Amino acid sequence: MTTTEKAPALQVEGLTKSYSLGTSWLSKVLRRGSSTLTALDGVDLELRRGEVLALVGESGSGKSTLAKILVGSTGPTSGTVQHDGVVAGKRDRESSRRVQMVFQDPYSSLNPRLTVGAVLAELLRLHDVVPRSEVRAESIRLLGLVGMEADVLDAYPSQFSGGQRQRLAIARALAVRPDVLIADEPVSALDVSVQATILELFARLRAELGLSVLFIAHNLAVVQHLADRVAVMYLGRIVEVAPTAELFSSPRHPYTRALIDSIPRMTAGSVNDEFELDGEPPSPYDVPSGCRFHPRCPLADDGCRSTDPALLTIGPARLSACLKADELATIPLPDTTATELPR
Amino acid sequence: MTTTPAPPAVDAVQAEASAQNPAEVTPADAGRPVRSRTLKPWYRNGTLVVGLVITGLLVLTAVFAPLLAPYDPVKQNLQDALQDPSSAHWLGTDKYGRDVLSRLIWGARVDLRIGFLAVLIPFVVGTVVGALAGYFGGWFDTVVMRVVDVFFAFPFYVLVIVLVFVLGAGESSIYLAIAAVSWVAYAKIMRGELLVAKKQDYVVAARLGGMSHGRILLKHIAPNVMSQALIYAMSDIVMDIMAIVTLGYLGLGIAPPTAEWGSMILDGQEFITTQWLQATIPGLAVVVTSLGLSLLGDGLSDHLSPERRK
Amino acid sequence: MTVIETDQQRVTLDPSVPLLSVQDLSIGTRSAAIVEGVSFDVAAGERSGIVGESGSGKSLTLRAIAGLLPRGVAVQGGRIEYGGSDLLTMSARRRRALMGPEIAMVFQEPMTALNPVMRVGDQIAEGPRRHLGLGKKEAADLAVQMMARTGIPDPARRARAYPHELSGGLRQRIMIAMAVSCGPRLLLCDEPTTALDVTVQLQVLKLLEKLCTDTGTALVFVTHDLAVVNQTCSDVDVMYAGHIVEAGPVAEVFAAPRHPYTRGLLESAPDFDRPDRELVPIPGFPPNVADRGPGCPFAPRCGYVTDHCRTAMPPLATVAPGRLAACFETDRLGDVL
């Protein structure tokens, strides 16, 4: 998997992003409370070369904001983003090449008025990826990479299904030969049977092109299948990072544990309730003091309510932001294999 | 107004269409474009067709006026004044002995021409300003919107009439007055469209692809948003024709003796009890023109609607 | 029913027939049939799932039962019997009287299903006031009671909130509270947890399970998520291209499917408990409504297809006790996955 003497493909340090809302100049003048939305509150993350890192989190976790900052759609309030060890400045034509994105909604990510060929050709020409004369051939090659045929070039996006559109979106992202691909829930909007084809495609691209992929998802089964490492986000912070198999077999943060327990299963007879969370998903307007997870955590104690834990290394390639990470290791996961039917 | 028969639920089904040849087991999710949904073609859109026909006929009438009109519209012929409709004069004559039908046909030329031309400047100016305001936002947007609000506070006709009065009657004053007032509607429409469009994933993707704002606006966004402005332009032409006719009726429009529907109504007003055709027919012409253009705009709106675009 | 005590008379149901019996239901537009020949029964207190992908017709089937088909789409044949009486032929007034006290529906998107300008407590109280004849105060108390039952913290205060002030999970609970407020015997759920976060989904599923167990309410649960059906329902109907292609107890169907589409679904979906299994996608595309030819709708994509499959429509037949499958080659799927 990862070798790396070289710098990681993408590195994020101390990233924060706050939005202050409700600030019409009138309310500023009157000094009415303008609410601050803390989308990201100090995120450190590393995407190694050639790996698939999954970023998992629910609503309010900040994963979409992180994606936007990584592709340069918006700027951070503080902190740095580095590509290949070089701090990313303002997004220009050159830097835009390196990081590309695949979006969640296949129906709005392709311009309905442009043919597939036009979209690809424009990108190839703009970045001088290949000489003019080879643009068409290169477009066909790109389509082949995603399993589509040449006659697609003259078609419009509205003629394709959701799964096919995602393939086209991936082809577009690959046109400029990026180092890093950020996939923002690329299969969430697709049917189950179609998801498999796209996941397969990602796996193949990773193997063939050595792409580094940041895969944002909320479906943990998908993540488990595709990712090398997983980072779990909660309310603007990363709370756990671990290699996939280890994360799912022995999670070391109660939120991760709760996420895993809430996945509906194909084998268990009824709903899991080992580690049920209280209350509602958090609001980024109102970050709790101390450990931000404590209001919902079954293990919380006074220490948790007063201390804001940092993301610490608790083992080889394992990070956790929980004061009780060790205690968690001793609570076993429900044994779902016991009720497995013969297959 | 007719709509496509299939509701969204069915569209979702139709969006996942089959492979070309059902007998083959194609490889998973193969690269062949699936047959596009059967969308209603333009010629089946009743509203659109009727609108096109009416407007088309009117335009043809205006264009071929010299060939179609039996008489000279301005030449006075006092001994034939105020005649009832006859085989020689299908719609009778006005108080100067001019054939009403010929004046009607030549009047179409004037009113339609001015109507179409008067829309051009507001269309261009309003669209550009509105699009830029919506796309870039910031102080420019705020300023533009406040200006638009000011203009919207005044009734259209009041402003136009005042301006024409100030500038003096005549064709160029009409253009100036209408342009000064009606650009704001386009600005508002396009701003709204751009606010939505700039958030679309494909626009974000274009930015990610390193494209400049100018390129994105012209090549990526414009084809998707222009339809709204075009549709509004249709109804704007109707409104402008109404304005011209009104100005003509008020004596502020095109100077006589040029045939123009508004001034025809003014001329015919005094004979409303005896030769009521003179005042009524031009009015009917305005109604039919408005109807044709409205149906055309309506049909276009249906044809270019987002469900079809997707 | 344990919770609601009112003076209104409950609809008397024929105890010898299933609570809900859908028989040979066909739904379509003027130009095409979308759902054809769908039949299934739901007994009192039973939890039944309908699984399918987009275009399978599962949502339309549910909406037909609720009488909420979109414009242009109508039932074109068959019967929907509730307690022995056909919903499709009864008077509109009588049918409306059933919606609420007998049959209720939970939708996917709580934001669009709730009235944005009405306080949530009032929305919950509306049903009981109309159907059960409760007064304003009684209905308001009932609403708070319902909210507490659905696990909403501080229900008395929350009842005065507007939908946009609440989170997605809370809104969904409000919708469930609305649905059960009149004590229905049948609850129709159209992908109620698809738009929710995973941890919230768990809470909502548990809530539904508990409500149904406590009150003996039957559940028809439409979803695309196989695992959710596995956890929540005892029986499942698998739909493809407007037809039911397989039916039976969930555990059995998922362990040993008897229709190639069910098998394909199971093999292509990532299974959390078996991360190393290869995902095998189903080749081809779901069929276009307009393109349905004779023969089995799954034939173009089926690995077991024969010429007979392409020309004749396989009927939904019993292949084992309590198991139905619409496939000529079902015996070749006898081996377990």
Could you tell me how many degrees, from 0 to 90 and to the nearest 10, lie between the Cα long axis of helix C:120-131 and the main elongation axis, the longest principal axis, of the Cα atoms of chain C? 90 degrees
For residue B:44 and residue B:121, compute 0.36 nm times the residue count separating them, minus their Cα-Cα distance, and round to one decimal in nm. 24.5 nm
Charge tally in the Cβ shell below 9 Å around residue C:235, where Lys, Arg are +1 and Asp, Glu are -1, residue C:235 excluded: -1
Considering only segment C:77-227, percent of DSSP beta bridges that pair antiparallel, nearest 5: 15 percent
Antiparallel DSSP beta bridges within the protein assembly as shown, as percent of all bridges there, nearest 5: 60 percent
Using the structure shown, list the pairs from B:75/B:95; C:137/C:206; B:199/B:219 with a Cα-Cα distance above 18 Å, or answer none. C:137/C:206
On a 0 to 90° scale, report how tilted helix B:100-136 is relative to the longest principal axis of chain B, with both axes built from alpha carbons and the result rounded to the nearest 10. 30 degrees
Is any residue of segment B:210-247 close enough, with backbone N under 19 Å, to a label point placed 7 angstrom from the Cα of residue B:167 along the Cα-Cβ axis, and if so, which? B:236-247
Taking each residue of B:194-206 in turn, how many C-beta atoms of other protein chains fall within 10 Å of its C-beta, and what is the average? 5
For a Förster distance of 56 Å, can you work out the FRET efficiency between the beta-carbons of residue B:64 and residue A:18, rounded to the nearest 0.05? 0.25
For labels at residue C:96 and residue B:219 in the simple 7 Å Cα→Cβ model, what's the distance in nm? 5.7 nm
Around residue A:17, what is the net charge, scoring Lys/Arg as +1 and Asp/Glu as -1 over all other residues with Cβ under 15 Å from its Cβ? 0
What do you get for Rg/Rh over segment B:53-147 if you use C-alpha atoms and the Kirkwood form of Rh? 1.34
Please check which bits of segment B:189-210 a label hung off residue B:152 would reach, taking the label as a point 7 Å along Cα-to-C-beta and the cut-off as backbone N under 20 Å. B:189-198
List B:98, C:63, A:141, C:160 from most exposed to least, where exposure is judged by having the fewest other Cβ atoms within 10 Å. C:160, A:141, C:63, B:98
Can you give the mean number of other chain Cβ atoms that lie within 10 Å of the Cβ atoms in peptide C:259-272? 5
Over the Cα atoms of the protein assembly as shown, what radius of gyration and what Dmax do you get, in Å? 33.4, 115
For chain A, find the longest principal axis of its Cα atoms and tell me its angle to the long axis of helix A:192-209, 0 to 90°, nearest 10. 70 degrees
Rounded to 0.05, the calculated FRET efficiency for the beta carbons of residue C:137 and residue C:194 at R₀ = 56 Å is 0.95
Bridge type composition, chain A - antiparallel percent by DSSP, nearest 5: 60 percent
How do the peptides A:120-132, B:106-118 rank, highest first, by the average count of neighbouring beta carbon atoms within 10 Å per residue? B:106-118, A:120-132
Could you check which residue among C:280, C:236, C:250 shows the biggest mean-square fluctuation in a GNM of chain C with a 10 Å Cα cutoff? C:280
Taking residue A:324 as the anchor, which aspartates and glutamates have their alpha carbon closer than 20 Å to its alpha carbon, excluding any fewer than eight residues away along the same chain? A:240, A:246, A:261, A:274, A:276, A:278, A:301, A:302, A:308
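None of the figures in this text is laboratory data; all of them are computed from the coordinates on show. As the structure is a computational prediction, the values presented were derived from the model and not from experiment. With ideal geometry, Cβ positions are generated from the backbone for all residues, glycine too; neighbour counts draw on all protein chains shown.
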